[in-house]
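The values are calculated or read from the model by the stated rules, or taken from the named source; none is laboratory data. As the structure is a computational prediction, the values presented were derived from the model and not from experiment. Cβ placement follows ideal geometry from the backbone for every residue including glycine, while neighbour counts extend to all protein chains displayed. Areas reflect the complete protein model, heavy atoms only, side chains present, ligands, DNA and RNA absent. Shrake-Rupley method; radii C 1.70, N 1.55, O 1.52, S 1.80 Å.
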Amino acid sequence: TQLLEQSPQFLSIQEGENLTVYCNSSSVFSSLQWYRQEPGEGPVLLVTVVTGGEVKKLKRLTFQFGDARKDSSLHITAAQPGDTGLYLCAGVPLNTGNQFYFGTGTSLTVIP
Amino acid sequence: DAGITQSPRHKVTETGTPVTLRCHQTENHRYMYWYRQDPGHGLRLIHYSYGVKDTDKGEVSDGYSVSRSKTEDFLLTLESATSSQTSVYFCAISESTSLSTDTQYFGPGTRLTVL
């Protein structure tokens with residue numbers, strides 16, 4: 001089992017729809033990051049959330065860190081084809097020192 | 001874009017042969033990482049380095065070794081490749097004052113196939 005589980009694993013939606021991606025763990029994290037990866041490229045950092053309950057907005061993307069710092073969500077409003085990609089959460093659990101973990105990933109396809 | 005290159009970009013090899021992947025950076029960042037990416041697993045950390053000659057194991061280090069003799073180069077070696085090591089390998093770098101909040105910059109990846 002992975003330390004960070006994401007759901008759903010795959011998501012295919014029409015342009016203009018809203019969606020939410022979840023990142024869950026049984027471990028507590030000091031912070032969580034979200035990356036987006038496009039085919040054939042490496043991941044690119046979108047945001048870092050560091051405080052339990054924190055909400056960050058990046059244009060149409062809203063990121064939330066759970067109060068207990070065990071989970072996070074990414075909400076996209078009015079999805080566009082340019083949002084297509086693999087979304088990954090990532091972080092360092094408090095009880096593992098310097099081990100950095102990525103989530104299992106959510107592959108999003110936005111259909112024009 | 002951060003200056004990170006990986007070589008080779010694609011490699012096909014046979015079971016039992018040694019393989020070395022190279023990561024080169026021009027950013028003078030302290031931390032360097034090697035990940036593998038497989039469907040359904042996201043990225044998993046193999047090894048990382050926090051300075052010249054300073055390395056540590058990640059989540060999936062068995063079967064892999066690393067070396068860092070210069071700040072700019074981080075080598076990943078598969079001493080005897082197995083089919084289970086078929087994967088896409090990514091190198092990443094970070095300035096890292098904090099592993100949990102620092103931005104990691106990724107290279108373009110190396111697709112390795114072990115027959």
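The strands (runs of 3 or more DSSP E) falling completely within segment B:4-50 that include 1 or more residues that are facing chain A (nearest Cβ under 10 Å) map to B:4-7, B:31-38.
Can you report the number of residues in segment A:20-41 which are of a type outside the set (D, E, K, R) and open to solvent by 10 Å² or more (accessible area, probe 1.4 Å)? Give the derivation first.
Step one: list which residues in segment A:20-41 are of a type outside the set (D, E, K, R), which gives A:20-35, A:37, A:39-40.
Restricting the remaining residues to those that are open to solvent by 10 Å² or more (accessible area, probe 1.4 Å) gives A:20, A:22, A:24-28, A:30, A:37, A:39-40.
Result for segment A:20-41: 11.
Please indicate, with yes or no, whether at least one residue in segment B:15-28 is modelled with pLDDT under 95, touching a Gly at 6+ places or on another chain (Cβ under 8 Å), open to solvent by 40 Å² or more (accessible area, probe 1.4 Å) and under 28 Å from A:T48 (Cα atoms). Looking for residues that are modelled with pLDDT under 95, touching a Gly at 6+ places or on another chain (Cβ under 8 Å), open to solvent by 40 Å² or more (accessible area, probe 1.4 Å) and under 28 Å from A:T48 (Cα atoms), one finds at least one in segment B:15-28, hence yes.
Is it the case that some residue within segment A:26-35 is outside any loop (DSSP other than H, G, I, E, B), in contact (Cβ under 8 Å) with a residue 40 or more places away in the chain and touching an Asp or Glu at 6+ places or on another chain (Cβ under 6 Å)? No, there is no match, as no residue in segment A:26-35 is outside any loop (DSSP other than H, G, I, E, B), in contact (Cβ under 8 Å) with a residue 40 or more places away in the chain and touching an Asp or Glu at 6+ places or on another chain (Cβ under 6 Å). Scanning segment A:85-112 for residues that are part of a loop (DSSP other than H, G, I, E, B) and surrounded by fewer than 18 Cβ atoms within 10 Å (Cβ to Cβ) turns up A:L94, A:N95, A:T96, A:G97, A:N98, A:Q99, A:P112.
Among the conditions (1) more than 10 Å from chain B (Cβ to nearest Cβ); (2) small (G, A, S); (3) out of contact with any strand residue (DSSP E or B) (no Cβ under 6 Å at 6 or more places or on another chain), A:G40 misses just one, which is (1).
Considering (1) in a loop (DSSP other than H, G, I, E, B); (2) over 26 Å from B:Y89 (Cα atoms); (3) without any contact (Cβ under 8 Å) to a residue 40 or more places away in the chain; (4) not acidic (D, E), the lone condition that A:K57 does not fulfil carries the number (1). On the given criteria, is A:L61 more than 8 Å from every other protein chain (Cβ to nearest Cβ), aliphatic (A, V, I, L, M) and closer than 24 Å to B:P39 by Cα? Criteria not met by A:L61. If you go through segment B:48-89 and pick out every residue that is more than 24 Å from B:T26 (Cβ to Cβ), in contact (Cβ under 8 Å) with a residue 40 or more places away in the chain, hydroxyl-bearing (S, T, Y) and surrounded by 16 or more Cβ atoms within 10 Å (Cβ to Cβ), you end up with 1.
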